[in-house]
Structures are given as C-alpha cells and as structure tokens.
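Peer 1: Take this structure first; my questions come after.
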Amino acid sequence: MKNDPNYLSCKKKECKTFQNGKCAVSTCSGSLQFHVVNIRSDIEFVFFSGGFVEPCLVGRSTPVSFANPKRPLYGHLSSIDSTGTSMRLTWVSGDKEPQQIQYGNGKTVASAVTTFSQDDMCSSALPSPAKDFGWHDPGYIHSALMTGLKPSSTFSYRYGSGWVGWSEQIKFSTPPAGGSDELRFIAFGDMGKTPLDASEEHYIQPGALSVIKAIANDVNSNNVNSVFHIGDISYATGFLAEWDYFLHLINPVASRISYMTAIGNHERDYIDSGSVYVTPDSGGECGVPYETYFPMPTSAKDKPWYSIEQGSVHFTVISTEHDWSENSEQYEWVQKDMASVNRQKTPWLIFMGHRPMYTTNHGFLPSENKFMEAVEPLLLENKVDLVLFGHVHNYERTCSLFQNECKAMPAKDKNGVDTYDGRNYSAPVHAVIGMAGFTLDKFSSNVKSWSLKRISEFGYLRAHATRNDLNLEFVISDTREVKDSFRITK
C-alpha cells in the first residue's frame, strides 16, 4: 500500500464504529496493483497479517480466471546444429493437442507435445517444494522445428492453432553458419526474474529486468546473433509457476534470436539425485523443468552437454553439475569434442559452464577444486581461447591462466584495451559473468595476482568474433556503459 498516495494520506476515509455520535474507529482504503501472467489456473488474492513467519488470514478474493488458459505463450528459439538453417521453437499452452508454427512463405510445421508431473520431481526425507507446496501444473510444452531457413537471415512466424488462438506475428533472425566469418553474441549467467509489481517472492533477482531490457535493446538494433545463458536460469527452485514468469520476462529476446542455455545448480542439484554436489539447490526440480522448457542439442535427457558452431566460434557447453571426473562420460565427450575442432573453420574455441574454476570470492566447495584439477588440463591441451562461467554473482576477468599462474598478461592497444596475444598461445582467459540478475556478491579483499578486473554491477558480456579478433565488452545494464573491454587476437 506504500505506493498508493490516497492510502497514505487517508483520502478515502470511512468510519466503521461510532460512539456517542462520534467516529471511534475509522479505516483508510487504498488499492494494490498486481502483475499476473497466464499460468492456466485460477488466481486468488489473499490478504494476511503477521508476515511470512506467522501469517494470519484476513480475507481472500473470489477466484479470477484467465480468458483463455489454453493460449499459446512464451515462445523461445534455440539452435539445433551449426548450419543456421533450422531453428527450434518451444512454447507453453494449456492445450495438449498439437499446434503449429506458420513461418517463412507459407510453411507450416506441427508441434510435438510433452509435459512433466509432480511424480517427476525429486524429494527426500523432507518433501521438496517441487514435490509439495511449490508444485504448479506446467500445462503442455510444445516444440517444433523450422527447417529450410538460410543462415544470417530474417524470417517471420506465428504459433498456435485456430481453436486456442495464435501468437502475434514475430520476426526472428537465424545465426550465422559455423565456419562463416563473423558472430555477435551475448553471454551471462544467473539471471532469474524480477517482479513487475511490489510482490515478495521466495527468490528475487533484482537485476534481471534491467539486464533483459538492455539486451532487448541490442537485439532490436540488430546487434546480436545469439544469446548464451550459462546456468541458474529462472531460480524457480521448486516453485513451478515461476518458470512462466521467467519465460514471460525473456520473451522479447528469446522469441527473436537463438537463446542457448547451460544447466546450473539451481536447475539440477538435489540430494540423492545423481548430481555432483549434494545440495537442495534445485528445490526438487532435478533438471526436469529446465530440460523440458529448454531443449538443447544434447545426446539424451539428463546429459546436458553439447557443442555448437556459429560464425567463427566453436562453443563447448558443459554441465558442472554432472560427473566431469576423468574417464566419466562427460569428460570423455569434452575431450573428444574439443580435439575434433577444425581451427581453420572455427578459429575460436570458447568453453562454457556454470561453476567457475577461478574466483576471488570465498565459499568454494572441495569438489569445485577437483573440477579444476580434472578439466583444466583439457583446456590448455586444446588451446581454448576463452572460458566463461557464472555461479558467482559479479564480473571478473583473468590473465592467460593455468594452474593458478599467469602464463601471459595482456598488453594495451592504442585505444587502451587489454589485448591478449592469441598468436603466441599460452593459456585460456577466464571470465566470471554471473552478474545478470541475482543479488550481487562483494569481492574479497584478498585479491589474487591472476585477477585483472573485478566489477560488482548488473550487466552482461557482449562479444564480436571475426576470424582474427575476439572483442568482448562488459556492459552495465542500467546505463548501457561499457565498463570493461578486452580483445584476443589470432
């Protein structure tokens, strides 16, 4: 009510009790505004006192229904391979019957339909949110493949059907084919969602709204070919309706360009679920909603690692939450994938995952150090140029780094930009980019010699790759200011 000036000034005063002809008890009325997305079920508004610790029900509204709970919503794009000729669209609806995408010049493709249930969620001795009080029916997730496209081209589409309705007509762009000369992409981790009203949620990511607005501005300016969101996607963590709010938030971006993802601890980890880290961080989701909403070009369910090529870049995307130890299935895949990269075709090799190998923040788990011991030698062996991680909620950039030692330092170019000499390769450059939404982490006062740049502000990484240069900028979302620039040359 603090946002209603009429309530604060008590302009709408009403007497409830009179004594001796005088008002003894009066009330001040006001109004509240809520932002609600279509979650396919009735909504009730509940007024309670006592806070979250000892809530006491005061009153509740009559249920409010959505006009069309079967409406097709939240369509988001992803790439399935490195050709740039096919794009997958995934959307949500309250209807289980197949729907369609109409795209290009009269092409039509029917959707495959799936969903997940409460039985698919994980739990333990204490019921998880996803298995219990956080469960919400996800409706039906539709997915279809648009084929016969041209890379680096613009098309239009709409999705839905005659009986549930259609989305608006949307323009989208395909990414450049792997092996072509140029790519512009954006990368970040740990976004989540920001309420568009005064709601208090169990997890609020205060920077998410400003970051997605800034990225949408770049997309609308045709400055971006694709997005990579590397873990901690929605922070629903077992409160399933929050996935709908997240999909609504990213829609202005994800409906127009390829939105690629990696899995994080808040999507996958739970006790006795097979994740490397024995934490309850997914709230019992255990990767099921994430993999249903964001089908990546992986080999199988619960094996969320893949690679893709766009322009002059080969991206190797891993799961830090699944077994990466030497001789594990994922380790052997990473080894084979990076060894197979044709550097004449894609001169840049970028390695992505969620939990970082290097950060000046405290609080590392012992198994995270083991991750570095197991996987870091593969990065050097295959001459990885750039390593991108999230998980820590700030921005940090290193020297050319291996086994906690700087193998080379960047030099300033004529514009004062840190420039790494990739022609005399020494080791990868690491960047932590988990500053896209979640409450920011402060840096330790114990600065490591390998840490060259540390910024605790909301933003994202913007990259431009040609065949000879990889140019990167850390953009502050509120001001659109470039706060850090660096370049790797070939």
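Peer 1: Multiply the residue gap between ASP469 and LEU32 by 0.36 nm, knock off their C-alpha separation, and tell me the result in nm, one decimal place. Each step should come with its number before you reach the end.
Peer 2: Values: separation 437, 0.36 × 437 = 157.32 nm, distance 5.20 nm.
Full-extension gain reported as 152.1 nm.
Peer 1: Also: How long is the gain from ASN222 to ALA67 if the chain were fully straight, where each residue apart is worth 0.36 nm and the alpha carbon distance is subtracted?
Peer 2: On the way: separation 155, 0.36 × 155 = 55.80 nm, distance 3.48 nm.
Once the chain is fully extended between ASN222 and ALA67, it gains 52.3 nm.
Peer 1: Separate question: Which distance in nm do the two modelled labels at ASN327 and ASN105 give, with both placed 7 Å along the Cα-to-Cβ direction?
Peer 2: So the label points at ASN327 and ASN105 sit 5.8 nm apart.
Peer 1: With Cα extents along the principal axes in Å in mind, check (1) 92, 59, 50; (2) 79, 57, 39; (3) 66, 63, 39 and report the label derived from this structure.
Peer 2: Computing Cα extents along the principal axes in Å and matching it to (1) 92, 59, 50; (2) 79, 57, 39; (3) 66, 63, 39 gives (1).
Peer 1: Another question, if that's okay. For the range 299-366, rounded, prolate or oblate, judged on the Cα gyration tensor with a ≥ b ≥ c (square roots of eigenvalues), a/c < 1.5 rounded, else prolate if a/b > b/c? The partial results should precede the final answer.
Peer 2: Details: a/c = 2.17, a/b = 1.42, b/c = 1.53.
Here the range 299-366 falls in the oblate category.
Peer 1: At 7 Å along Cα-to-Cβ for each site, give me the label-to-label distance between THR439 and ASN20 in nm.
Peer 2: Computed distance between label sites THR439 and ASN20 equals 5.1 nm.
Peer 1: Put +1 on the Cβ of every Lys and Arg and -1 on every Asp and Glu Cβ in the chain; which of PHE294, ASN446, ALA187 then has its Cα farthest towards the positive end of the dipole?
Peer 2: Toward the positive end, the furthest listed residue is ALA187.
Peer 1: Just reorder LYS414, LYS490 by solvent-accessible area, largest first, 1.4 Å probe, all chains present. Write out the running numbers ahead of the final one.
Peer 2: Working: LYS414 195, LYS490 65 Å².
Ranking LYS414, LYS490 by accessible area, largest first, yields LYS414, LYS490.
Peer 1: Considering only DSSP beta bridges with both partners in the chain, what is the antiparallel share in %, to the nearest 5? Numbers along the way, then the final one.
Peer 2: Values: 78 of 103 bridges.
If I count the DSSP bridges inside the chain, around 75 percent turn out antiparallel.
Peer 1: At a 10 angstrom cut-off on C-beta neighbours, averaged per residue, how do the peptides 93-99, 267-273, 152-158 rank from highest to lowest?
Peer 2: Numbers: 93-99: 19.0, 267-273: 22.9, 152-158: 15.4.
The packing order, highest mean first, is 267-273, 93-99, 152-158.
Peer 1: What net charge do the residues around ILE170 carry, taking every other residue with its C-beta under 14 Å from that of ILE170, with Lys and Arg at +1 and Asp and Glu at -1? Don't skip to the end; give the middle numbers.
Peer 2: Numbers: positive: ARG158, LYS171, ARG256; negative: GLU168.
Counting the neighbours of ILE170, the net charge comes to +2.
Peer 1: In degrees between 0 and 90, to the nearest 10, how far off the longest principal axis of the chain does helix 241-254 point, with axes built from Cα atoms?
Peer 2: 50
Peer 1: What is the percent carbon and sulfur in the accessible area of the range 73-489, measuring with a 1.4 Å probe over the protein chains and ignoring ligands?
Peer 2: On the way: 7320 of 15510 Å².
For the range 73-489, the apolar C and S fraction of the accessible surface comes to 47 percent.
Peer 1: Using a 4.7 Å Cβ cut-off, which Cys residues in the chain lack a partner cysteine?
Peer 2: When partners are defined as cysteine Cβ atoms under 4.7 Å apart, the chain leaves CYS56 without one.
Peer 1: Here is a follow-up. With every protein chain left in place, what is the accessible area per residue of the range 81-163 in square angstrom, probe 1.4 Å?
Peer 2: Numbers: 3900 Å² over 83 residues.
Using a 1.4 Å probe on heavy atoms only, each residue of the range 81-163 averages 47 Å².
Peer 1: Next up: Contact order normalised by length for the range 12-60, with contacts defined as Cα pairs under 8 Å and 6 or more residues apart; what percent is it? Could the numbers behind the result be given before it?
Peer 2: Working: 47 pairs, mean separation 10.8, N = 49.
Relative contact order comes out at 22 percent.
Peer 1: Roughly how many Å² of ASP190 are accessible to a 1.4 Å probe, to the nearest 10?
Peer 2: 0
Peer 1: Also, I was wondering about something else. Where does the chain land at 222 nm, in deg cm²/dmol rounded to the nearest 500, when only DSSP H runs of n ≥ 4 count, each adding -39500 (n - 2.57), divided by all residues? Could you put the intermediate results ahead of the total?
Peer 2: Values: 7 runs with 68 residues, N = 490.
Mean residue ellipticity, 222 nm, calculated: -4000 deg cm²/dmol.
Peer 1: What lysines does LYS12 reach when the alpha-carbon gap must be under 27 Å and sequence neighbours fewer than 8 apart in one chain are set aside?
Peer 2: Hits, sequence-local ones excluded: LYS2, LYS22.
Peer 1: Could you work out how far helix 208-220 tilts from the main Cα principal axis of the chain, as a 0 to 90 degree angle to the nearest 10?
Peer 2: Rounded to the nearest ten degrees, it is 60.
Peer 1: Can you give me the % of accessible surface on the range 12-60 that is carbon or sulfur? Probe 1.4 Å, all protein chains present, nothing else counted.
Peer 2: Details: 2150 of 3990 Å².
Carbon with sulfur: 54 percent of the solvent-accessible area.
Peer 1: Here's a follow-up. Quote the relative contact order of the range 247-398 in percent (integer), defining contacts as alpha-carbon pairs under 8 Å separated by 6+ residues.
Peer 2: Numbers: 225 pairs, mean separation 30.0, N = 152.
This gives 20 percent for the range 247-398.
Peer 1: In addition: Could you list, in their original order, any pairs among LYS407/LYS490; LYS336/LYS453; LYS383/LYS453; LYS193/LYS370; LYS301/LYS345; LYS383/LYS412 whose Cα atoms are separated by more than 24 Å? It would help to have the intermediate numbers written out before the result.
Peer 2: Numbers: LYS407/LYS490 17 Å; LYS336/LYS453 32 Å; LYS383/LYS453 22 Å; LYS193/LYS370 31 Å; LYS301/LYS345 30 Å; LYS383/LYS412 22 Å.
Where the Cα-Cα span goes over 24 Å, the pairs concerned are LYS336/LYS453; LYS193/LYS370; LYS301/LYS345.
Peer 1: Roughly how many nanometres apart are two label points built 7 Å out from the Cα toward the Cβ at CYS10 and LYS150?
Peer 2: 7.0
Peer 1: Return one whole number: the accessible area per residue of the range 421-468 in Å², for a 1.4 Å probe. Mind showing how you got there, number by number?
Peer 2: Numbers: 2100 Å² over 48 residues.
Ligands and nucleic acids excluded, the figure is 44 Å² per residue.
Peer 1: What shape does the range 88-240 take by its C-alpha gyration tensor, where a ≥ b ≥ c are the square roots of the eigenvalues and a/c under 1.5 counts as rounded, a/b above b/c as prolate, and the rest as oblate?
Peer 2: Values: a/c = 2.05, a/b = 1.30, b/c = 1.57.
Oblate, because a/c is 1.5 or more while a/b does not exceed b/c.
Peer 1: To continue, here is another question. Using a 1.4 Å probe, what is the accessible area per residue for the range 12-60, in Å²?
Peer 2: On the way: 3990 Å² over 49 residues.
Per-residue value: 81 Å².
Peer 1: Let me cross-check VAL36: its accessible surface, 1.4 Å probe, with only protein heavy atoms counted, in Å² to the nearest 10?
Peer 2: Solvent-accessible area, nearest 10 Å²: 50 Å².
The values are calculated or read from the model by the stated rules, or taken from the named source; none is laboratory data. From a predicted model like this one, the values you see are computed outputs, not experimental measurements. A quick note on method: Cβ atoms are made from the backbone with ideal geometry, for glycine too, and the neighbour counts reach across all protein chains shown. Ligands, DNA and RNA are stripped out before the accessible areas are found, and what is left, the full protein with its side chains, is counted by its heavy atoms. Shrake-Rupley method; radii C 1.70, N 1.55, O 1.52, S 1.80 Å.
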